[in-house]
Amino acid sequence: MLKDILLQDYPNGEKFAIALSPMDDITTREYRTICKRYGADVLFTEFVSSDALIRDVEKSYQKISFSKEERPVGIQIFGSTESALVQAAQRVEELNPDFIDINWGCPMKKIAGKGAGSGILADIPKMLSITKAVVKSVKLPVSVKTRISYDDNSTPITDFAEALQDCGIQLLSIHGRTKQQMYRGNADWTLIGKVKENPRINIPIFGNGDINTVEKFMEYKKRYALDGILIGRHAVGNPYFFMHCKQAIMGKEITPITVKEKVSVCKEHLHTICDNMGESRAMVMMKKFYSRYFLAIQDFKPYKLELMEAKTIEEIDFILSEISSNLA
Ligand SMILES: Cc1cc2nc3c(=O)[nH]c(=O)nc-3n(C[C@H](O)[C@H](O)[C@H](O)COP(=O)(O)O)c2cc1C
């Protein structure tokens, strides 16, 4: 059972999973590996288009490549038709991840507008029949990541979570926003908690949305008694958050992270992307991370401007070394 692979035995006797939420252009193999080292129990790849996988688009296969150190890892796919998702799942199965995750949660117009991602929440019967077909078409466990509903007036997750379970999925991750909300407002975890409370639900339920402090993590973990929590935006440039959450679970003191350690992780991230994808890709991708790696570090601002304007990896390395020596 997927449950046995995903949920980790914590020293306090409980089974739980802290997962790195999938994020396009962020949770690359290089960053997933860093998060794993800092304690993420479960990793998801960035989502990839089913159509692109079927068409053998190399970039999509690169996005879902993973190393054995990452296990347990799920490959996430999106699509709007049964035929595309089934064929893509079969392709993904050949790569032998621990599970295949169907994205029924993305709200972006170019995806949801075509009936993929959270667009499917407007047609729950279709969501169920595609999910069932995907489960049937592969031997690997299948999971679903979705949102609480299409909008405030449509069928809530509490009304179809059981039906999703009956499709044969082995994990359900729920982001506490509607499709209509996109990323606005606050995530509402009450419906996620209700799904978990349903006595007929026996697959793991992971909650997601707006966990941005260790205190909130601990509070929500206790309040909603879920099997796992997915961390998205707050893990960007902050892989230590996984370690800090674990320390909190075990009642240990939270280890502060020095600027030197942040620089060293940032350099590793930059260089592994450069080795795997080339310098220009690394330069572009890392721009999303610098402010996050050095968030709240006093006097970082002038270095940020330099990092954004740098043209080569050597320049970045030099600026990072300056940060390491000059900022405490
Ligand atoms: C830049 C970005 C990219 C994302 N890409 C994906 C994705 O590929 N697949 C997915 O299921 N969710 C994706 N998400 C949604 C996150 O996984 C997560 O559900 C959402 O950000 C809420 O969690 P958080 O508040 O912890 O960030 C993305 C979010 C962001 C901000």
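The numbers here are math on the coordinates, done by the rules we state, and not lab data. These numbers were taken from a predicted model, which means no experiment stands behind them. With ideal geometry, Cβ positions are generated from the backbone for all residues, glycine too; neighbour counts draw on all protein chains shown.
The dipole here belongs to the chain: it is taken about the Cα centre, uses +1 on the Cβ of Lys and Arg and -1 on the Cβ of Asp and Glu, and is about 480 debye. Sorting 299, 317 by the number of Cβ atoms found within 10 Å of their own Cβ, with the fewest placed first, yields 299, 317. The distance linking the range 151-217 with the range 42-81 is 23 Å (Cα centroid to Cα centroid, whole angstrom).
Using 0.36 nm per residue and subtracting the Cα-Cα separation, the extra length available between residue 315 and residue 261 on full extension is 17.5 nm.
A simple spin-label model places pseudo-atoms 7 Å from Cα toward Cβ; at residue 306 and residue 81 they are separated by 5.3 nm.
With 22 Å as the limit, write out which pairs from 3/68; 222/262; 15/179; 196/216 have Cα-Cα distances beyond it, or answer none. Too far apart for the 22 Å limit: 222/262; 15/179.
The relative contact order of the chain, computed from alpha carbon pairs under 8 Å that lie at least 6 residues apart in sequence, is 15 percent. In order along the range 185-191, the phi-based Karplus estimate (6.51 cos²θ - 1.76 cosθ + 1.60, θ = phi - 60°) of 3J(HN,Hα) comes to x, 10, 6, 10, 8, 5, 5 Hz; Gly and Pro are listed as x. Computed from Cα atoms, the angle from the helix 313-326 axis to the main principal axis of the chain rounds to 70 degrees. Couplings 3J(HN,Hα) for the range 238-249, derived from phi with the Karplus relation 6.51 cos²θ - 1.76 cosθ + 1.60 (θ = phi - 60°), are 9, x, 5, 4, 5, 5, 5, 5, 5, 4, 5, 4 Hz, where x marks Gly and Pro.
In the chain, excluding the sites themselves, the longest stretch lacking any of the trypsin sites (Lys or Arg not before Pro) that are in a DSSP loop with at most 15 other Cβ atoms within 10 Å is 56-113.
As a ratio to 2.2 N^0.38 Å, the alpha-carbon radius of gyration for the range 139-193 is 1.17.
The phi-based Karplus calculation (6.51 cos²θ - 1.76 cosθ + 1.60; θ = phi - 60°) puts the 3J(HN,Hα) values of the range 141-157 at x, 10, 10, 10, 10, 8, 10, 6, 4, 6, 8, 5, 9, 9, 3, x, 3 Hz, whole numbers, x for Gly and Pro. Placing R0 at 35 angstrom, the Cβ-Cβ distance between residue 133 and residue 71 gives a FRET efficiency of 0.85 after rounding to 0.05. Debye-formula intensities of the range 2-249, expressed as log10 I(q)/I(0) at q = 0.07, 0.08, 0.14 Å⁻¹, are -0.20, -0.26, -0.86 (one equal scatterer per alpha-carbon, no solvent). Annotation: amide H-H contacts under 5 Å for residue 173 (H modelled 1.01 Å from N, sequence separation of 5 or more, or interchain): 144, 145, 146, 206. Both radii come from the Cα set of the range 259-326: Rg as radius of gyration, Rh as Kirkwood radius; their ratio Rg/Rh reads 0.92.
Which of the aspartates and glutamates could a cross-linker bridge to residue 311, judged by Cα under 12 Å and excluding same-chain residues fewer than eight apart? In chain and number order, the partners are 279. A Förster radius of 30 Å, combined with the Cβ-Cβ distance separating residue 183 from residue 222, puts the computed FRET efficiency at roughly 0.75.
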